[in-house]
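A.B. asks: The structure that follows is given in the form of structure tokens.
The values are calculated or read from the model by the stated rules, or taken from the named source; none is laboratory data. These numbers come from a predicted model, not from an experiment. In this analysis, Cβ positions are derived from the backbone assuming ideal geometry, glycine residues included, and neighbour counts consider all displayed protein chains. With ligands, DNA and RNA removed, areas are computed over all heavy atoms of the protein, side chains included. Shrake-Rupley method; radii C 1.70, N 1.55, O 1.52, S 1.80 Å.
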Amino acid sequence: MQRPETPGADVTPLTLQSAWQNQLSRAIRDPRELCRRLGLDDTWLPGAEGGHALFEVRVPEAFLARMRPGDPHDPLLRQVLPLSAEGESVPGYVADPLEEAAHTPGPGLIHKYAGRVLLIASPACAVNCRYCFRRHFPYDANSPSRAQWEGSLDTLRSDPSIREAILSGGDPLAASDRQLAWLVERLEAIPHLKRLRLHTRLPVVIPDRVDDALLGWLGNTRLQKVMVLHINHAQEIDQAVVEACARLKAAGVTLLNQSVLLRGVNDSVAALAGLSERLFEAGVLPYYLHVLDPVAGAAHFDVPDEEARELVAGLRAVLPGFLLPRLVREIPGEASKTPL
């Protein structure tokens, strides 16, 4: 799936792009190139090309560098390598598993839970994770221009029960800093808004995204700032990620992490405990451990609920309580995440 660029966002000439934008533009988008760079056997190519036809490959160099060459079961590679299984039709696995279409009152605006709304700040991602619950999301209809954003902002202005604005995507940090600063300036002018939350993978897959420009608008807002990172395995956290997290914390950002429980990636007590320990070393608190959303193309990642509960019981035996993520499922129509 080719995600469009953000309408209304600033387009910077290549020669003037920042380091992170250059890295984003050079991300691997060819499954053959991904397999070649990691020295994978040719037997992986048909599945990689078949999955790519359904949902395109996108892997930044900084993320690729943390993978083990020659290992098709590397936990980072497993998250981004297309497989033939993605083309299989599995009962219960659908294009919109969270039924977000029913909670989209306007372009780029999703309102499912009391007190908070979600804004699709960018349709683009720096990395295309194969299990993404929005891999089939209609971004072409949810990428508002600045003029269209005003309609969504009016919705927030008219509802004093909304206390928190959540920037999501795609990945919100794939948008330009000028565009994000414009949006946050308008959000913080809404008196009843108290918090700004960003759900992002960019500081992990391209740590250079946490630059002075981002820290400028993020550090200066009056809103309380929460950033929910998405990290599934300790191997994702290298020194560059640690340093990016330190810069965010210095700007007054509370850092949390949510993971997805994925077969072949982190479905062991050792992997999950190692992730929690490494997160805390980087100044990030474990928040949620999601069971897989049943999105079409991702059934091969599923870990049954009973096995998930056993894994969390094993974690409880080896981790202090503050490093134990909450095991949850998102059920359409429920008022919040459902604990398992």
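A.B. asks: Identify all residues within the stretch 234-265 that are more than 16 Å from V205 (Cα to Cα) and of a type in the set (S, T, Y); write none if there are none.
C.D. replies: The answer is T254, and nothing else.
A.B. asks: May I pose another question? Which residues, taken from the stretch 22-55, are more than 16 Å from L83 (Cα to Cα), in a loop (DSSP other than H, G, I, E, B) and either among the β-branched types (V, I, T) or open to solvent by less than 50 Å² (accessible area, probe 1.4 Å) (or both)?
C.D. replies: Matches in the stretch 22-55: A27 only.
A.B. asks: Ok, one more. Could we say that V265 is modelled with pLDDT of 95 or more, in contact with an Asp or Glu (Cβ under 8 Å, 6 or more places away or on another chain), part of a loop (DSSP other than H, G, I, E, B) and crowded, with 16+ Cβ neighbours inside 10 Å here?
C.D. replies: no
A.B. asks: For the stretch 62-96, what are the residues that are in a loop (DSSP other than H, G, I, E, B), farther than 29 Å from P203 by Cα and free of Cβ contacts under 8 Å to residues at least 40 places away in the same chain?
C.D. replies: Result: P91, single match.
A.B. asks: Within the stretch 187-216, track down each residue that is out of contact with any Asp or Glu (no Cβ under 8 Å at 6 or more places or on another chain), crowded, with 18+ Cβ neighbours inside 10 Å and charged (D, E, K, R).
C.D. replies: D208, R209
A.B. asks: While we're looking at this one, here's another question. Please indicate, with yes or no, whether at least one residue in the stretch 60-73 is at pLDDT below 90 and loosely packed, with under 14 Cβ neighbours inside 10 Å.
C.D. replies: no
A.B. asks: Against the definition (among the polar types (S, T, N, Q) and under 23 Å from R68 (Cα atoms)), how does N266 come out, yes or no?
C.D. replies: yes
A.B. asks: Do we find that G252 is open to solvent by less than 40 Å² (accessible area, probe 1.4 Å) and at positive phi in this structure?
C.D. replies: Against the criterion (open to solvent by less than 40 Å² (accessible area, probe 1.4 Å) and at positive phi), G252 does not qualify.
A.B. asks: Additional query: List the residue pairs whose Cβ atoms are under 7 Å apart, where the first residue sits in the stretch 150-172 and is of a type in the set (K, R), the second is open to solvent by 20 Å² or more (accessible area, probe 1.4 Å) and outside any helix (DSSP H, G or I), and the two are 6 or more positions apart or on different chains.
C.D. replies: R163/R116; R163/H192; R163/K194; R163/R195
A.B. asks: Do you know which of the residues in the stretch 311-340 that are of a type in the set (D, E, K, R) and over 20 Å from G274 (Cα atoms) is modelled with the lowest pLDDT?
C.D. replies: Filtering first and then ranking leaves E334.
A.B. asks: To continue, here is another question. In the stretch 192-213, is there at least one residue being among the small types (G, A, S) and either touching a strand residue (DSSP E or B) at 6+ places or on another chain (Cβ under 7 Å) or closer than 29 Å to N22 by Cβ (or both)?
C.D. replies: Scanning the stretch 192-213, I find at least one residue that is among the small types (G, A, S) and either touching a strand residue (DSSP E or B) at 6+ places or on another chain (Cβ under 7 Å) or closer than 29 Å to N22 by Cβ (or both), so the answer is yes.
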